[in-house]
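In what follows, a single structure is set out as structure tokens and then discussed.
The values are calculated or read from the model by the stated rules, or taken from the named source; none is laboratory data. This structure is a prediction, so every number in the text was calculated from the model and none was measured. For neighbour counting, all protein chains shown are included, and Cβ atoms are generated from backbone atoms with ideal geometry for every residue, glycine included.
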Amino acid sequence: MAQNHNEFDEVHWDDYSNEPPDQDPGTDTNEWQQDLASSPPASFQSHSDNDIHHEQYTPQPMIISVQDPQKIDSSFVSYLIKTKTSLEAFSSPEPKPVRRRFQDFVWLYDALSNELPACIIPRLPDKYRMKYLKGDRFEPDFIEKRRIGLQWFLDRIANHPLLQVSVHVRIFLESRDFAKDKLVPNQQTNQLVNHRLISSLSDALLRTFAKVRKPEDRFVQMKEALDKLQDNLDVVDRLFARIGKRQLDLGDDYQDFSTSIRGLSVFEAKEGTSQNEIDLKLRKFAETAEAYATTLAQMSKNENLNYHGHIRELLSYCQAAKDQLKERDQKQVDFEEMTLYLQQLTQDRERLLHPGQSIPGSSLHLGEYVADQVYKMKGQNLTQTRRDRLSCIQIKLKELEQEVTVANDVHNMFSDRMVHEYAIFDQIRVKEMKQNLLDYVDRRVDFYKQGMDTWASVLPILESLDDID
């Protein structure tokens, strides 16, 4: 059957993991190709010993399921969490199931963000604030949509080699006294959190207009690949929304068609055996059309919850990766700005040590000349004044050199971690997309089989109309 596929012409599923081709991968990607039919972004790998497949970066088997949402006291919904894992930190391979509410998931997200600031932390599903304002947060469809979103959140944690071994994850998944146990690791990280909060407030002012002075090609390529992936997902999101609307309209048309056939059967219900038989057959046909409309509506609902919902959650996951890439860029900005300040301070020291001489790489400082003239007018000893200023600069230089060293270490740590995080992100999103597309195809096949069976059941009845006089 010929169909018009023009709507999909603007979708391009590029292989981001192999992009760009002009750099030496430096690693063997056969294992990735066997497991995922797609290699990780080799051009972003900075090590030649295939670190991404090292035990440290390979997740252990772990399965987490979010089930059985229950409304508690008309105030919140709790979800049953079941875990299967081979991690030795857990009390057993199958810890006893626990119940958690949405705020507990928020705690886990915040705790992981504070514990592992260089990792890509998957986002939680939106809180859908309008549902809270309308009082619709206990609707079955809303609860199921959130449950599926929370399932993707925990799946991504389970497939991340560092997140899955976090003490916060273990407490979340198996603690029987969660309200008490969740406070223990928080006490250990409070100082770090407070320091990060103060730093973020000050950095927000300094970074408003700051940009990376020397962008690294590998991270520029990561951003371009993420932008392209997001653009394609946006296109699919819009297309699927249109397809979903058309399917709903088609279901309504079948319902109207069924109603019309029922109305037609009323006119055929006259005296006589043959007319009554026609009435019964028309009613049977109307019931079949109605059943097909119900099947179509259920299929559309499932696709919206699962496939379409996953596309939107994947967009959110992409944004989390882009945010982490921005954070890495900010660490480079910190290092570059502090290095520049160190250079300027070093030049100021050289000018004080060698007044009147030309300092390589330094321009004439009018401010220093004016300051010297002011000191002269006040009758101060210019030599002693310069010594005092030099002493202050020496102290600042010593402190700044240490800060630059720390900033450089942090920058390198975030950069190295980002390379692995991007590869892990790429591995998870490829696995998710493959599985989700397979599930989409399976649902479609089941729908068409059910539709064929539904219409096949009415064919003998329609054929028997020829035998009625």
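Structure above, values below:
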quantity: Some residue of segment 434-443 being in a helix (DSSP H, G or I) and more than 19 Å from residue 300 (Cα to Cα); calculated: yes
quantity: Residue that is farthest from residue 242 (Cα to Cα), among those in segment 310-324 that are surrounded by fewer than 20 Cβ atoms within 10 Å (Cβ to Cβ) and either of a type in the set (Gly, Ala, Ser) or more than 11 Å from the chain's Cα centre (by Cα) (or both); calculated: 320
quantity: Check on residue 303, assigned to a helix (DSSP H, G or I), of a type in the set (Asp, Glu) and at pLDDT 90 or above; calculated: no
quantity: From 340, 296, residue being surrounded by fewer than 16 Cβ atoms within 10 Å (Cβ to Cβ) and either more than 26 Å from residue 232 (Cα to Cα) or modelled with pLDDT under 85 (or both); calculated: 340
quantity: Verdict on residue 333 being more than 14 Å from residue 386 (Cβ to Cβ), assigned to a helix (DSSP H, G or I), outside the structural domain of residue 120 (by TED's automatic domain parsing) and at pLDDT below 80; calculated: no
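Residue-by-condition table, conditions (1) surrounded by 21 or more Cβ atoms within 10 Å (Cβ to Cβ); (2) modelled with pLDDT under 90; (3) under 30 Å from residue 331 (Cβ atoms); (4) among the hydroxyl-bearing types (Ser, Thr, Tyr):
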site: 410; (1), (2), (3), (4): no, no, yes, no
site: 413; (1), (2), (3), (4): no, no, yes, no
site: 418; (1), (2), (3), (4): yes, no, yes, no
site: 442; (1), (2), (3), (4): no, no, no, no
site: 449; (1), (2), (3), (4): no, no, no, no
